[in-house]
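In what follows, a single structure is set out as structure tokens and then discussed.
The values are calculated or read from the model by the stated rules, or taken from the named source; none is laboratory data. No experiment lies behind these values; they were computed from the predicted model shown. Here the Cβ is made from the backbone with ideal geometry for all residues, glycine too, and neighbour counts use every protein chain on show. With ligands, DNA and RNA removed, areas are computed over all heavy atoms of the protein, side chains included. Shrake-Rupley method; radii C 1.70, N 1.55, O 1.52, S 1.80 Å.
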Amino acid sequence: MSDITNEIKKRRTFAIISHPDAGKTTLTEKFLLYGGAINQAGSVKGKATSKHAVSDWMEIEKERGISVTSSVLQFQYDGFCINILDTPGHQDFSEDTYRTLMAADSAVMVIDASKGVEAQTRKLFKVCVMRHIPIFTFINKMDRDAMDTFDLLDDIEKELGIATCPVNWPIGSGRNFKGVYDRQKKHVELFSDTKKGTTQGDVQTIDIRDENIQNILGEAAKLTLEEEIELMDGASAEFDQKLVSKGELSPVFFGSALTNFGVETFLKHFLTMTSSPLPRMSDRGEIDPMTEPDFSAFVFKIQANMNKAHRDRIAFMRICSGAFEAGMSVYHMQGEREVRLSQPQQLMASERKIIDKAYGGDIIGVFDPGIFSIGDTLTTVKERFCYEGIPTFAPEHFARVRQVDTMKRKQFIKGINQIAQEGAIQIFQEYNTGMEEIIVGVVGVLQFDVLKYRLNNEYNVEIRMDNLPYEHIRWIENENPDLEKITGTSDMKKIKDLKDRPLLLFVHEWSIRMTLERNEGLILSEFGR
Ligand code: G4P
């Protein structure tokens, strides 16, 4: 096996997602701790520093103390090279969050044991399910009073429509949290509170058949555990690696990130259950990193103006095959020319560092002089190909936007188009008029503030925004549809996107159904291709 293939085999690239406050930051920090990337909990991803240190690039982030962008962290553990794609946990997350999932081979979802599946996470998980991305569940905060375990699993199954398979099982919660029962090893890992700031906890285990177990757990807890094991063995799905890999079965783990309990167990299992970088679909069929030795990558995120003075951008790409070397020339498919990838960067814990080598599965950021778009393919493979595009996700908030000073029309159009090209917003027009009326659609409302701020700050254009009541958007999938003929509901609006594709906007969800009923043969889609 070549060195490159060996390196790629070691890679595990996953996205970590959770509802705000479920414990994603704390869990990530513990992972880094095990990987030796940091040596004391709280030193990198403490609330106070993390949100700034990792992606301190825009005033708006600082002002609000939240991370608008996603970041990537790399660390080594147990012979693996792990890439974590962090996703913004704020409720105003953007389309970037969805796109980040496209660059991952699997996803770890962190759930607060007292809350179950929450609104914001639901959407993200739906994208994972739709893309068949394997989902691993870490149910966190078991040191606090938790929901009933069966109810929690039920919640995940109902909300996300995938089966669950508990790898371990909690014994009590909150003040009565005793630890977890490992179903495969048939032993109990006893909970001990490893205080914040310390490194790794020692886990004591005891066999379930050990006669001391009753003394250790207490009679009531032992009885409950026995009952629950029996129930679980009868009710829950068996572990099946194939179903996990297809994203149809989620292995579930219980623990407490804050007290560092169950984290290493989770990490160890996770690394064996998830896969090394997977083949990706292209217009030339699947490109498998195990058989394609040359470099190929696709851009999944563009981050603008890290340095305002230069108006520069960083294009983040996921390497899908081969190796990357600093300064190498690659063919940019969409630009139809060779480009040199300069200033390649990677994030290691909180540091941004220039790298000289990276492999399939890794994420790198390169300097973008304004030539890349989301979804672009770069490659050194002779028989060229384009990776499958990244779908456009349906925005849920819409506003009509215009510049205050009519003299600044040109800057306004340039700015809004560039920001749309980066994928921060989507722009639409009335379907039968020109560019005068611009409708902006965003996935999270914070993007409206970002747009306003950036147009003002970078393009010196002040804008006015009038919110529109629409919440649902559908692309029309029929070939050459006659928009005039479509009869919808009174709350429907016909628009087109930048590629002149026709779309429909609706205020109410039920109007979509009605419109479909009224127009036989009409095909509507939630994602733009
Ligand atoms: P997020 O990235 O998903 O938004 O969550 P984060 O890790 O920042 O955790 C949110 C809060 O929950 C933090 O408390 C954190 O300490 C706490 N937390 C995380 N995991 C656990 C756990 O396993 N058990 C308990 N009891 N708490 C947990 P905070 O008060 O908001 O911040 P801090 O002052 O502790 O940093």
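General remarks:
- Working note: Karplus 6.51/-1.76/1.60 with θ = phi - 60° gives the range 206-213 the couplings 9, 5, 5, 8, 5, 5, 7, 4 Hz, where Gly and Pro are set to x.
- Cα-based radius of gyration of the range 134-274 once divided by 2.2 N^0.38 Å, which approximates compact folds: 1.02
- Label-point separation in nm, residue 6 to residue 337, each point 7 Å along Cα→Cβ: 4.0
- Residue 291/residue 175 FRET efficiency (R0 56 Å; Cβ-Cβ; nearest 0.05): 0.55
- In sequence order, the range 104-112 has phi-based couplings of 9, 9, 7, 9, 10, 10, 9, 10, 6 Hz under the Karplus curve 6.51 cos²θ - 1.76 cosθ + 1.60, θ = phi - 60°, and Gly or Pro positions carry x.
- Cα gyration tensor, the range 230-279 - rounded (a/c under 1.5), prolate or oblate: oblate
- The Rg/Rh ratio of the range 358-465, with Rg taken over Cα atoms and Rh as the Kirkwood radius over Cα pairs, comes to 1.05.
- In the chain, the DSSP beta bridges split such that about 75 percent are antiparallel, to the nearest 5.
- Note on the range 91-177: Cα-only Rg and Dmax are 13.6, 41 Å.
- When only alpha carbons are used to place a centre, the range 447-461 and the range 113-156 end up 36 Å from one another.
- Nearest-ten-degree value, helix 149-160 long axis tilted from longest Cα axis of the chain: 20
- For the chain, the solvent-accessible area of protein heavy atoms averages 44 Å² per residue (probe radius 1.4 Å; ligands and nucleic acids excluded).
- Estimated FRET transfer efficiency (residue 517, residue 235; beta-carbon r; R0 60 Å; 0.05): 0.95
- For the chain, the longest principal axis of the Cα atoms and the long axis of helix 409-421 meet at an angle of about 30 degrees.
- Distant-in-sequence amide contacts of residue 163, defined by a placed amide H-H separation under 5 Å and a gap of 5 or more residues or a different chain, comprise 250.
- Over the chain, dividing the summed -39,500 (n - 2.57) contributions of all DSSP H runs of at least 4 residues by the number of residues returns a 222 nm mean residue ellipticity of -7500 deg cm²/dmol.
- Summary of packing: across the peptides 102-110, 143-151, 333-341, the per-residue average of other C-beta atoms within 10 Å ranks them, highest first, as 102-110, 143-151, 333-341.
- Accessible surface of the chain, 1.4 Å probe: 46 percent of it comes from carbon and sulfur atoms.
- Scanning residues 5 or more positions from residue 324 or on other chains, those with amide H under 5 Å from its amide H are 358, 359, with H placed 1.01 Å from N in the peptide plane.
- Cα-based shape type of the chain, given that a ≥ b ≥ c are square roots of the gyration tensor eigenvalues and the cut on a/c is 1.5: prolate
- Using the average count of surrounding beta-carbon atoms within 10 Å as a protection proxy, the listed peptides 74-84, 240-250 rank, highest first, as 74-84, 240-250.
- Relative to the dominant Cα principal axis of the chain, helix 24-34 is inclined by about 60°.
- Legend: residue pairs 158/301; 141/178; 178/222; 24/246, Cα-Cα distance threshold 20 Å; pairs beyond threshold, 158/301; 24/246.
- Qualifying GluC sites (Glu not before Pro) in the range 480-529, DSSP loop, other Cβ atoms within 10 Å at most 10: 520
- Unit charges on C-beta of K, R, D, E only; dipole of the chain, Debye: 1600
- GluC sites (Glu not before Pro) within the range 84-185, DSSP loop, no more than 11 other Cβ atoms inside 10 Å: none
- Nonlocal amide H pairs with residue 179, under 5 Å, H built at 1.01 Å: 171, 191
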